[in-house]
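Here is the structure we will look at, set down as structure tokens.
Values in this text are rule-based calculations from the coordinates and carry no lab data. Worth saying up front: this structure is predicted, and the values here are computed from it rather than measured. Positions of Cβ are generated from backbone atoms using ideal geometry, with glycine treated the same way; all protein chains shown enter the neighbour counts.
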Amino acid sequence: MNYIEFHAEKCIACDLCSGVCSLNKLGRVQPAGACIRVSRDTGTHLGPMLCSVCDMTHERACVDACPQEALVWDEDAGVVRFFQEECTDCGSCLDACPNVHQDAVDRRIMICDLCDGDPLCVKWCPEGALTWGGAS
């Protein structure tokens with residue numbers, strides 16, 4: 001199973017990962033609407049870095065919580081897929097998992113799909129804080 005690994009000690013909080021993700025998924029640079037989010041634990045410049053992105057290795061609570069099957073596990077790709085046309089905006093997935101986000105502008109559910117096996121956040125991370133883990 002493939003997943004994105006976060007190495008907090010290498011992260012410089014540049015937010016390039018969130019910027020490139022939002023540009024790819026939303027068509028605009030809006031880090032707050034990205035599938036991946038990096039922040040400081042304490043909210044200050046002294047706290048450790050945290051990364052919020054689906055690691056694809058745990059139970060998929062978001063899929064189980066969705067009453068409309070707008071979130072579906074794609075076993076072949078090893079990712080959760082989101083189908084906007086099925087979404088009723090109930091928020092069950094947001095309550096079920098901290099790695100599911102919602103774009104404030106479009107109200108679209110944002111969950112990492114690993115860019116179909118070639119994650120841009122990993123490619124664009126200048127410090128190597130994000131790496132591609134697992135095996136195909």
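The reciprocal of the average 1/r between distinct C-alpha atoms defines the Kirkwood hydrodynamic radius, which for segment 44-107 equals 13.0 Å. Listed peptides 89-102, 67-80 appear in the order 89-102, 67-80 once ranked by packing, highest mean of other Cβ atoms within 10 Å at the front.
Against the main long axis of the alpha-carbon atoms of the chain, helix 16-26 sits at an angle near 30°.
At the listed q of 0.13, 0.21, 0.27 Å⁻¹, the Debye profile of segment 78-136, built from one uniform point per Cα, gives log10 I(q)/I(0) equal to -0.44, -0.94, -1.17. Compactness check for segment 6-130: Cα Rg over 2.2 N^0.38 Å is 1.04.
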